[in-house]
Amino acid sequence: MKRLAWVDLLRDIFGVDFAAFSKLDIWPEGYRGFSYLDGDVIAANISFNPLPLRMAGRDVVAGQLQGVATRPAYRRCGLFHDLMEKVLAFADTRCEFLLLYTETPALYQPFGFRLLPEHSFAGQLQAGSFGPDGRNARTLSMRLPEDIALVRRLYRTRCPVSDEFGLIDNEGVFFSNLLRSPSFRLSYLPRIEAVVVWDQAGAGGRSRLLDIVAAEMPPSGILAAALGLPTPDAEIDVLFPPDRLTGQFSAMPLRHEDGDLLMVRGPFGLEQKPFMLPLTALS
């Protein structure tokens with residue numbers, strides 16, 4: 001019942017429909033929702049999601065706050081402040097630092113959060129030529145149960161896309177973003193058991209590599225073909241640190257189209273280095 005109320009809250013406040021995601025029943029171990037209920041209605045909510053990361057070559061357990069919302073009729077009653085104190089007390093004993101996205105950073109600064117600049121990475125893959133497996137990629141659809149099952153199977157054994165800053169596990173947020181982002185393309189490479197998540201942006205339709213779900217990083221030639229590039233050396237944007245890719249890339253300051261800004265609470269070792277959370281981790 002509370003999950004249905006959570007879906008209703010996010011639809012009513014943010015205009016986002018999480019009904020299809022809720023039906024998948026992907027709730028990671030350690031996920032916790034902090035809510036005030038009025039009958040069957042959630043008046044205010046903050047959710048904690050564990051975020052295992054590979055960071056500077058080391059595995060760390062971080063956390064992510066999401067679903068921060070208070071219905072208008074219950075605002076200015078101290079519910080947000082009270083829930084923040086509760087969720088921070090919970091998170092501080094379970095993770096090294098907390099991340100969140102927000103359009104209103106001033107709301108979180110009194111709780112010790114600070115802004116983190118993000119960067120995308122522009123450049124070229126050192127592909128040489130197109131890999132034949134990339135040309136044979138099959139497009140998956142999040143409307144098909146068999147394709148969802150396939151991606152979930154591969155996700156269980158995925159490697160981080162980056163040793164500098166890569167997610168080890170974030171399945172719930174990953175699938176919620178795939179379901180809500182019809183512009184994301186999923187190219188399945190059956191021989192090497194990989195799914196390449198990408199899209200095209202801008203007037204010229206420049207390809208953006210968003211994420212990779214695979215046990216090993218695909219070769220550059222296969223990636224170049226899967227991304228639909230006109231030539232193997234065409235310029236692309238990579239929306240995660242490209243340290244595990246073969247190519248030449250330069251960091252570019254990033255501003256999300258919806259105005260969301262990344263904030264952190266706690267020690268964060270990459271504060272002076274370019275990085276970003278992939279769009280598949282945005283919440």
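Using r as the Cβ-Cβ distance of residue 14 and residue 153, and R0 as 22 Å, what FRET efficiency do you calculate, to the nearest 0.05?
Numbers: r = 30 Å, r/R0 = 1.38.
For R0 = 22 Å, the calculated efficiency reads 0.15.
How much solvent-accessible surface does residue 59 expose, in Å² to the nearest 10, with a 1.4 Å probe and all protein chains in place?
Approximately 90 Å² for this residue.
Can you tell me how much longer the chain between residue 243 and residue 115 gets when fully stretched, taken as 0.36 nm per residue apart minus their C-alpha distance, in nm with one decimal?
Details: separation 128, 0.36 × 128 = 46.08 nm, distance 2.37 nm.
Taking residue 243 through residue 115 to full extension adds about 43.7 nm, to one decimal.
Using the Karplus equation 6.51 cos²θ - 1.76 cosθ + 1.60 (θ = phi - 60°), what ³J(HN,Hα) coupling, rounded to whole Hz, does each residue of the stretch 230-240 give in order, writing x for Gly and Pro?
After applying 6.51 cos²θ - 1.76 cosθ + 1.60, I find x, 9, x, 9, 5, 5, 9, 10, 10, 9, 6 Hz.
How many nm is it between the label spots at residue 37 and residue 4, if each spot is 7 Å from the Cα in line with the beta carbon?
Result for the modelled spin labels: 1.2 nm.
Cα axis of helix 171-180 to longest principal axis of the chain: angle in degrees, 0 to 90, nearest 10?
Rounded to the nearest ten degrees, it is 80.
Given Cα pairs under 8 Å that are at least 6 residues apart, what percent is the relative contact order of the chain?
Working: 574 pairs, mean separation 70.2, N = 283.
Rounded, it is 25 percent for the chain.
On alpha carbon coordinates alone, what is the Rg over Rh value for the stretch 57-113, Rh being the Kirkwood radius?
Details: Rg = 12.9 Å, Rh = 12.7 Å.
For the stretch 57-113, the value is 1.01.
Place +1 on the Cβ of every Lys and Arg and -1 on the Cβ of every Asp and Glu in the chain, take the dipole about the Cα centre, and give the residue among 129, 95, 10 whose Cα lies farthest towards its positive end.
10
Using +1 at the C-beta of Lys and Arg and -1 at the C-beta of Asp and Glu, which of 79, 64, 44 has the Cα lying farthest in the positive direction of the dipole of the stretch 34-91?
Working it through, the farthest residue towards the positive pole turns out to be 64.
Suppose every K and R has +1 on its Cβ and every D and E has -1 on its Cβ; what is the size of the dipole of the chain about the Cα centre, in Debye to the nearest 20? The partial results should precede the final answer.
Values: 29 positive and 33 negative charges, 62 e Å.
Dipole magnitude for the chain comes out near 300 debye.
Specify the angular offset, from 0 to 90 degrees and rounded to the nearest 10, of the alpha carbon long axis of helix 2-14 from the longest principal axis of the alpha carbons in the chain.
80 degrees
Assuming R0 = 41 Å, can you tell me the calculated FRET efficiency for the pair residue 59 and residue 233, based on Cβ-Cβ distance, to the nearest 0.05? Working shown, then result.
Numbers: r = 34 Å, r/R0 = 0.84.
Efficiency, from the Cβ-Cβ distance: 0.75.
Treating only the Cβ of Lys, Arg, Asp and Glu as charged (+1, +1, -1, -1), what charge dipole size does the stretch 72-112 show about its Cα centre? Round to the nearest 20 debye.
Working: 4 positive and 5 negative charges, 36 e Å.
It comes to approximately 180 debye.
Roughly how compact is the stretch 103-186, stated as its Cα Rg over 2.2 N^0.38 Å to two decimals?
Numbers: Rg = 17.5 Å, N = 84, 2.2 N^0.38 = 11.8 Å.
Ratio of Cα Rg to 2.2 N^0.38 Å: 1.48.
At 1.4 Å probe size, with every protein chain present, just tell me what the per residue accessible area of the chain comes to in Å². Before the final figure, lay out each step's value.
Working: 13110 Å² over 283 residues.
Per residue, the chain has 46 Å² of solvent-accessible surface.
When every alpha-carbon pair in the stretch 12-157 is counted, what percent end up more than 24 Å apart?
On the way: 5498 of 10585 pairs.
In whole percent, the share of Cα-Cα pairs in the stretch 12-157 beyond 24 Å is 52.
Rounded to two decimals, what ratio of Rg to Rh does the stretch 202-283 give with C-alpha atoms and a Kirkwood Rh?
Working: Rg = 14.3 Å, Rh = 14.7 Å.
We get a ratio of 0.97 for the stretch 202-283.
Principal axes first, then extents: for the Cα atoms of the stretch 166-211, list largest minus smallest coordinate on each axis, whole Å, largest first.
Extents along the principal axes: 33, 27, 20 Å.
What does the charge add up to near residue 87, with Lys and Arg as +1, Asp and Glu as -1, over the other residues with Cβ less than 13 Å from its Cβ?
Values: positive: 32, 86, 94, 265; negative: 82, 85, 92.
Result for the local shell: +1.
Taking Cα atoms, how many degrees apart are the long axis of helix 145-155 and the longest axis of the chain, rounded to 10 and kept between 0 and 90?
90 degrees
Pull out the extension gain between residue 27 and residue 90, defined as 0.36 nm times the separation in residues minus the alpha carbon to alpha carbon distance; nm, one decimal. Walk me through the numbers on the way to the answer.
Working: separation 63, 0.36 × 63 = 22.68 nm, distance 1.76 nm.
Difference between extended and current length: 20.9 nm.
Placing +1 on the Cβ of each Lys and Arg and -1 on the Cβ of each Asp and Glu in the stretch 128-283, which of 234, 248, 275 has its Cα farthest towards the positive end of the resulting dipole?
Of the listed residues, the answer is 234.
Work the Kirkwood hydrodynamic radius out for the stretch 138-283: mean of 1/r over every pair of different alpha-carbon atoms, inverted, in Å. Don't skip to the end; give the middle numbers.
Values: mean 1/r = 0.0625 Å⁻¹.
The answer is 16.0 Å.
Only loop residues by DSSP count here, and only those with at most 15 other Cβ atoms within 10 Å; note down the GluC sites (Glu not before Pro) in the stretch 144-200 that meet that. Before the final figure, lay out each step's value.
Values: sites: 146, 164, 171, 193; in loops: 164, 193.
Listed in order of number, the matching sites amount to none.
Taking one equal scatterer on every alpha-carbon of the stretch 1-89, how large is log10 of I(q)/I(0) by Debye at q = 0.16, 0.21 1/Å?
Per q value, in the given order, log10 I(q)/I(0) is -0.69, -1.05.
Measuring from a point 7 Å past the Cα of residue 143 along Cα-to-C-beta, which residues in the stretch 169-187 have an amide N at less than 15 Å?
Only 179-186 pass the distance filter.
Just the ratio, please: alpha-carbon radius of gyration of the chain over 2.2 N^0.38 Å, N its number of residues. Numbers along the way, then the final one.
Values: Rg = 19.3 Å, N = 283, 2.2 N^0.38 = 18.8 Å.
Expressed relative to 2.2 N^0.38 Å, the Cα Rg reads 1.03.
The values are calculated or read from the model by the stated rules, or taken from the named source; none is laboratory data. Predicted, not measured: the structure shown is a model, and the values here were computed from it. Note that we place each Cβ from the backbone using ideal geometry, even for glycine, and neighbour counts take in every protein chain shown. These area figures cover heavy atoms from the full protein model, side chains too; ligands, DNA and RNA do not enter into them. Shrake-Rupley method; radii C 1.70, N 1.55, O 1.52, S 1.80 Å.
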